[in-house]
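**Q** Attaching a single structure in structure tokens format; questions to follow.
Each value in this text was obtained by applying a stated rule to the coordinates, not by laboratory testing. For clarity, every value in this text was computed on a predicted model and none was experimentally measured. Cβ coordinates were reconstructed from backbone atoms using ideal geometry, including for glycine residues, and neighbour counts include every protein chain displayed.
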Amino acid sequence: MPSRLAERLAQHTPGAHAKKTFFVNSGAEAVENAVKIARAHTGRRVVAALDHAFHGRTSLTMAMNHRVAPYGTSFGPFAPDVQRVPNSYPIRDGLTGAQAAARTIEYLEQRIGTADLAAIIAEPIQGEGGFVVPADGYPPALQEWATQNGVVFIADEIQAGLGRTGTWFASEFFNLVPDLVLTAKGIADGLPLAGITGRAEIMDSAHPGGLGGTFGGNPVSIAAAHAVLDLLETGAPFAQAARIERTLTDGLQSLAQKHVVIGYIRGYGAMIAFELLEPGTTIPLAGLASQIAAHAAKRGVLLLTAGSYGNVIRFLPSLAVTNEQIEVALEVIGEALAAYNVA
């Protein structure tokens, strides 16, 4: 039942406050409805998204993405009242979480202003942006500022949530308690379902009939989501994610000792990435990631490239992937680096 699933999401999302959930079909639809709810609650219009973010391919979410190409190319004009602000990207900015938060907050206050700001939306660990993990202290500092200024803080957990990082939600790594939490992707194991779970007083802000949809929360998807939560509640997927993290990071660190272009390994659980950099610098090594992926594809290994500079290889495997399969992928990556004469 949808009501029981809402109760379970309220139990497992961060925070002990009263919560409500609205079910829709996709991640982008969850983002759009979260923005509607935040605007209704605050009476304000502007939404702030972080640099290197990705939130979807609909009209509104295209405007929220960091990269225009390929997601927004030829599809404009884009929705107004969306502003992008600096994020925390430790390998690039060299800032502590407090310093990065101060920079973001200064931008919010000076370039946008609190009078018109309805919401800040953030992926606790950015997905398409290259699995960017913010410096410790950054997300809760933004949350604290948002609360003090009546701004709704939205955590886009569509990719990182529900076991992917070895916890229920990636927000937990940062002691972050968002006002609204967005779920999709793995919530129904591939069936169309997404949710907005948030503080009851915020969720109640939309007027009757303002939120809705023909197929949101359909019974088959709801049943699948209950099965997913049943499995997560055993704790087994979290253990699998931890195993994958150990195997991947150990293997990548070994590769990095041989190939100095592997400049930055990051992530949690089954959400791990490495960034390719000019040796001894933080300059993105453009083009090599796609070459590695092309080489791997010829060997039967499918890799995802990512990052705003196209220099990241990301691993987003099934939690059922074996250590042996991971070792094969790492071996193929090593072959690719050697084939392109990369030290």
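**Q** Could you work out which residue, out of ALA320, ALA34, ALA119, moves most in a Gaussian network model of the chain, that is, has the largest mean-square fluctuation with Cα springs under 10 Å?
**A** Of ALA320, ALA34, ALA119, the Gaussian network model singles out ALA320 as fluctuating most.
**Q** Relative contact order (percent) for the stretch 236-339, with alpha-carbon contacts under 8 angstrom and 6 or more residues of separation?
**A** About 27 percent, as a whole number.
**Q** Through the Karplus equation 6.51 cos²θ - 1.76 cosθ + 1.60, θ set to phi - 60°, convert the phi angles of the stretch 33-45 into ³J(HN,Hα) values in whole Hz; use x for Gly and Pro.
**A** Each residue's phi maps through the Karplus curve to give 6, 4, 5, 4, 5, 5, 5, 5, 5, 8, x, 10, 10 Hz.
**Q** So what is the calculated 222 nm ellipticity per residue for the chain, using -39500 (n - 2.57) for each DSSP H run with n of 4 or more, over all residues, to the nearest 500 deg cm²/dmol?
**A** For the chain, the value works out to -11500 deg cm²/dmol.
**Q** Okay, next question. Determine which lysines satisfy two conditions relative to LYS19: a Cα distance under 27 Å, and not lying fewer than 8 residues away in the same chain.
**A** Hits, sequence-local ones excluded: LYS36, LYS185.
**Q** How large is the charge dipole for the stretch 25-122, taken about the Cα centre, if only the Cβ atoms of Lys, Arg (+1) and Asp, Glu (-1) carry charge, to the nearest 20 debye?
**A** I would put it at about 100 debye.
**Q** May I ask which residue of ILE265, LEU176, HIS52 lies farthest towards the positive end of the charge dipole of the chain, with charges of +1 (Lys, Arg) and -1 (Asp, Glu) on Cβ and the Cα centre as origin?
**A** Of the options given, the answer is HIS52.
**Q** Which of these, ALA16, ALA102, ALA53, has the largest mean-square fluctuation under a Gaussian network model of the chain (Cα springs below 10 Å)?
**A** Maximum fluctuation in the GNM of the chain, among the listed residues, is at ALA16.
**Q** What do you get for the angle between helix 323-339 and the principal long axis of the chain? Use alpha-carbon atoms, 0 to 90 degrees, nearest ten.
**A** The two axes meet at around 60 degrees.
**Q** Something else: Could you size up the charge dipole of the chain around its Cα centre, putting +1 on the beta carbon of Lys and Arg and -1 on that of Asp and Glu, and report it in debye to the nearest 20?
**A** Details: 24 positive and 30 negative charges, 90 e Å.
The dipole magnitude comes to about 440 debye.
**Q** Taking 41 Å as R0, compute the FRET efficiency from the Cβ-Cβ separation of ARG111 and SER3 and round it to 0.05. Spell out each step's value before the answer.
**A** Working: r = 42 Å, r/R0 = 1.02.
Efficiency, rounded to the nearest 0.05: 0.45.
**Q** How much length, in nm to one decimal, is gained on full extension between ALA242 and ILE283, taken as 0.36 nm per residue of separation minus their Cα-Cα distance?
**A** Details: separation 41, 0.36 × 41 = 14.76 nm, distance 3.04 nm.
Residue separation times 0.36 nm, minus the Cα-Cα distance, leaves 11.7 nm.
**Q** For a label point 7 Å from the Cα of LYS298 along Cα→C-beta, name the residues of the stretch 253-282 whose backbone N is under 11 Å from it.
**A** Nothing falls inside the zone, counting backbone N under 11 Å.
**Q** For a protection proxy built on the mean count of beta-carbon atoms within 10 angstrom, sort 294-306, 61-73 highest first, please.
**A** Numbers: 294-306: 15.3, 61-73: 17.1.
Result, highest mean first: 61-73, 294-306.
**Q** From the phi of every residue in the stretch 92-98, what ³J(HN,Hα) in whole Hz does the Karplus formula 6.51 cos²θ - 1.76 cosθ + 1.60 yield, where θ is phi - 60° and glycine or proline is x?
**A** My calculation for the stretch 92-98 gives 9, 9, x, 9, 5, x, 5 Hz in order.
**Q** Next question, about the same structure. For the stretch 236-339, give the magnitude of the charge dipole about the Cα centre (Cβ charges: +1 Lys/Arg, -1 Asp/Glu; no others), in debye to the nearest 20.
**A** The calculated dipole for the stretch 236-339 is roughly 120 debye.
**Q** Something else now. Ranked highest first by the average count of other Cβ atoms within 10 Å around their residues, in what order do 168-178, 281-291 fall?
**A** Per-residue Cβ counts within 10 Å, averaged per peptide and sorted highest first, yield 168-178, 281-291.
**Q** Taking the mean number of other Cβ atoms within 10 Å as a proxy for protection, how do you rank 265-271, 87-93 from highest to lowest? Walk me through the numbers on the way to the answer.
**A** Working: 265-271: 22.4, 87-93: 20.3.
Put in order of decreasing packing, that is 265-271, 87-93.
**Q** Would you pull out the residues with amide H under 5 Å of GLY217's amide H, same chain only if 5 or more places away, H placed 1.01 Å from N?
**A** When sequence neighbours closer than 5 places are left aside, the close amide H contacts are VAL24, ALA194.
**Q** Determine the gain in length on full extension of the stretch TYR71-LEU211; use 0.36 nm per residue of separation and subtract their C-alpha separation, reporting nm with one decimal. All intermediate terms of the calculation are to be shown ahead of the outcome.
**A** Working: separation 140, 0.36 × 140 = 50.40 nm, distance 2.59 nm.
Once the chain is fully extended between TYR71 and LEU211, it gains 47.8 nm.
**Q** While we're looking at this one, here's another question. Give me P(r) over the stretch 236-339, computed from all C-alpha to C-alpha distances, binned every 5 Å, as integer percentages.
**A** Going out from 0 Å in 5 Å bins, the stretch 236-339 shows 2, 14, 25, 27, 20, 9, 3, 1 percent.
**Q** Please give the length that would be gained between ALA98 and VAL220 if that part of the chain were fully extended, namely 0.36 nm times their separation in residues minus their C-alpha to C-alpha distance (nm, one decimal). Working shown, then result.
**A** Working: separation 122, 0.36 × 122 = 43.92 nm, distance 4.43 nm.
Full extension of this stretch gives 39.5 nm more.
**Q** What shape does the stretch 2-234 take by its C-alpha gyration tensor, where a ≥ b ≥ c are the square roots of the eigenvalues and a/c under 1.5 counts as rounded, a/b above b/c as prolate, and the rest as oblate?
**A** In terms of gyration-tensor shape, rounded.
**Q** Another one. Where is the GNM fluctuation largest for the chain (alpha-carbon springs, 10 angstrom cutoff): ASN33, ASN311, ASN149?
**A** ASN149
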